[in-house]
1. So for the chain, averaging the separation of alpha carbon pairs under 8 Å that are six or more residues apart and normalising by length, what relative contact order in percent results?
2. Between S39 and Y75, what is the label-to-label distance in nm when each label sits 7 Å out along the Cα-to-Cβ direction?
3. Taking the Cα-to-Cβ direction at K48 and at L17 and moving 7 Å from each Cα, how far apart do the two end points lie in nm?
4. Please list 3J(HN,Hα) in residue order for the stretch 60-74, calculated via the Karplus relation 6.51 cos²θ - 1.76 cosθ + 1.60 where θ = phi - 60°; whole Hz, with x for glycine and proline.
5. So how do 18-31, 59-72 stack up, highest first, on mean other-Cβ count within 10 Å?
6. Can you give the helix-only mean residue ellipticity at 222 nm for the chain, where every DSSP H stretch with n ≥ 4 adds -39500 (n - 2.57) and the sum goes over all residues, rounded to the nearest 500 deg cm²/dmol?
7. If you wrap the chain's Cα atoms in a convex hull and average its projection over all directions, what's the area in nm²?
Amino acid sequence: MSIAFEIFIWLIVETGLSFLFYSTGWLLVKVVTFGQYKSEFKDFASYKASKAKRVDLTFLLGFCFYVALIALMAYLSH
């Protein structure tokens, strides 16, 4: 495969995973605060348009959730 095609595929995967982490983090914040946290959920198009190079805290929370889930699964399977 060409390098350009591989870069294109990885950009699509990165955008999809970052939106998955963002939506998971947003859902966790809503559940933990029992809906008291006033934050509007961005759909995929709005998220992709406003995505910057800074680290979003809801994205970071979603990422940490999946890391903790994988670590828990590894610990329990050991």
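1. Computed value for the chain: 42 percent relative contact order.
2. The answer from the label model is 2.4 nm.
3. Roughly 1.8 nm, to one decimal.
4. 5, 5, x, 5, 5, 4, 5, 5, 5, 5, 5, 5, 5, 5, 5
5. Highest-to-lowest ranking by the protection proxy: 18-31, 59-72.
6. Working: 3 runs with 58 residues, N = 78.
Estimated from H runs of four or more residues: -25500 deg cm²/dmol.
7. In nm², the orientation-averaged hull projection of the chain is 7.5.
Values quoted throughout were computed directly from the atomic coordinates according to the rules given, and no laboratory measurement underlies them. Computed from a predicted structure; not experimentally measured. Cβ sites come from the backbone with ideal geometry, for glycine too, and all protein chains shown count toward neighbours.
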